[in-house]
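The values are calculated or read from the model by the stated rules, or taken from the named source; none is laboratory data. This structure is a prediction, so every number in the text was calculated from the model and none was measured. With ideal geometry, Cβ positions are generated from the backbone for all residues, glycine too; neighbour counts draw on all protein chains shown.
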Amino acid sequence: MIETIKKRHIESYQKEPLMLKAPSRINIIGEHTDYNLGYSLPAAVKQSLVFALSESEDGDMHLDAVDLNETANFGIRENEYPQGHWTGYFKTMLMELESRGYAVKGINCTFGGDIPIGAGMSSSSALNCGLLFGLNELFDLGLTRREMMFIAQAAEHRFGVKGGLLDQYSILNGKSGHALLLDFKNISHTYVPLEIGEYHFVLFNTCVKHSLVNSPFNQRRNACHRVMDLLAKDDEKIQSFQDFDEATLNRYKDQVDEDDYIKALFVLREDERVLKTVEALKAGDVTALGEYLWQSHAGLRNDYEVSCEELDFLVDHIRDLEGVLGSRMIGGGFGGCTINVIHEDQVQTVWQSLQKAYFDKFGVEAQMVEVEVGEGISLIG
Ligand code: GLA
């Protein structure tokens, strides 16, 4: 993959490129907690987007998306793009850098990799963060990884996805063999060794992505922020979901909308599960880890309401199969993958059973993605 992309870049642009790799991430637990300034436990994985980059001769942008088999050429101040189109990630990044006063010139960029698209595996953040990391190297912008996290997030917000920092943080700071305990209030992290013995983290991809009207992601965010704002009015120390507990929330139960209350309660409990999962990992208690995944899924499905029929099927079907310790949906929801903890001897059996049942039910081929925890963004060679 790396050699193919490099060769293609040299053939197309006659330039020796800067090579880098931006990984995908898994999130073990702590979903929809980032924009509520709680906790998450993600890890970077080996699946990556590989970039070959060089400064262009004519000062324009020349892009080659190998996996999509598409190219694009445009000037660096051109900021129109069809809604949701991949070139938008490049254009919004250039706009974001320009608005912050960074001088960037046109580039040739060849990129491609093995991160499934639309699977909740952060292929778009890998694109965004990888591009920014490359521009920082090529043009000596002097950005730290921490600064890049915020710029990449701001660029994605311009693109229209108002996510938190989960994806950018783990893609930029992942460490082989470790998860990151992320604290979004203090914007800090602690590495947690990810040793689960004979068990494996495996993803199952629904291979569907429901695009829903009314932006449910932003609706969830607004519901949680309404609750936080109400509590903050009485107590200015309350600035995040780390600053109050269930008892405090319950005192306000009559003043908040019933559905907002349910959403906020989910976030508080999910945050607790993140901290308990870290303890379970430290104690080598893989069964408890699995239990927290089931609980997380139940909350995401029934309370936070970001799951879908296909995700629920993947979780429910394997619940009683031998060797399965836990399963839950991963990422924003409404499609994409589940993350599962399965004994290494049973992975194939579980997958065969699931693959068939899923196809029989939905007429869609699911996909198994085996993950290995890897490093954050790095230069290659
Ligand atoms: C999406 C967002 C993330 C995070 C997750 C849910 O992936 O981009 O910031 O909010 O959803 O945990």
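Matching residues to (1) in contact (Cβ under 8 Å) with a residue 40 or more places away in the chain; (2) among the β-branched types (V, I, T); (3) out of contact with any Pro (no Cβ under 9 Å at 6 or more places or on another chain); (4) not assigned by TED's automatic domain parsing to the domain that holds R273:
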| site | (1), (2), (3), (4) |
| --- | --- |
| Y13 | yes, no, yes, yes |
| L18 | yes, no, yes, yes |
| R25 | yes, no, no, yes |
| S40 | yes, no, yes, yes |
| V45 | yes, yes, no, yes |
| A52 | yes, no, no, yes |
| H62 | yes, no, yes, yes |
| D67 | yes, no, yes, yes |
| E70 | no, no, yes, yes |
Practice item. Considering only residues that are among the small types (G, A, S) and surrounded by fewer than 17 Cβ atoms within 10 Å (Cβ to Cβ), look in segment 341-381 and name the one that is farthest from V208 (Cα to Cα). Key: G381
**Study point:** Residue check for T92: within 16 Å of the ligand (Cβ to nearest atom) and under 17 Å from L135 (Cα atoms)
**Key:** yes
Point to revise | Conditions (1) assigned to a loop (DSSP other than H, G, I, E, B); (2) away from the ligand (no atom under 15 Å from the Cβ); (3) under 17 Å from the mean Cα position of the chain (by Cα): number failed by V161 | key: (2)
Practice item. Could you tell me which numbered condition I151 fails, if it satisfies all but one of (1) more than 13 Å from the ligand (Cβ to nearest atom); (2) surrounded by fewer than 21 Cβ atoms within 10 Å (Cβ to Cβ)? Key: (2)
Review point. On the given criteria, is D140 out of contact with any Asp or Glu (no Cβ under 6 Å at 6 or more places or on another chain), under 30 Å from L311 (Cα atoms) and part of a loop (DSSP other than H, G, I, E, B)?
Key: no
Exercise for review: Look through G112, G130 and report the one residue that is surrounded by 19 or more Cβ atoms within 10 Å (Cβ to Cβ), away from the ligand (no atom under 15 Å from the Cβ) and in a helix (DSSP H, G or I).
Suggested key: G130
Exercise for review: Considering every residue within segment 198-209, establish whether at least one is within 15 Å of the ligand (Cβ to nearest atom) and modelled with pLDDT under 95.
Suggested key: yes
**Study point:** Unique match (being surrounded by 13 or more Cβ atoms within 10 Å (Cβ to Cβ) and under 15 Å from L41 (Cβ atoms)) among D260, D285
**Key:** D285
Exercise for review: Taking the options L138, L172, L165, name whichever one is in contact (Cβ under 8 Å) with a residue 12 or more places away in the chain, among the aliphatic types (A, V, I, L, M) and farther than 26 Å from H62 by Cα.
Suggested key: L165
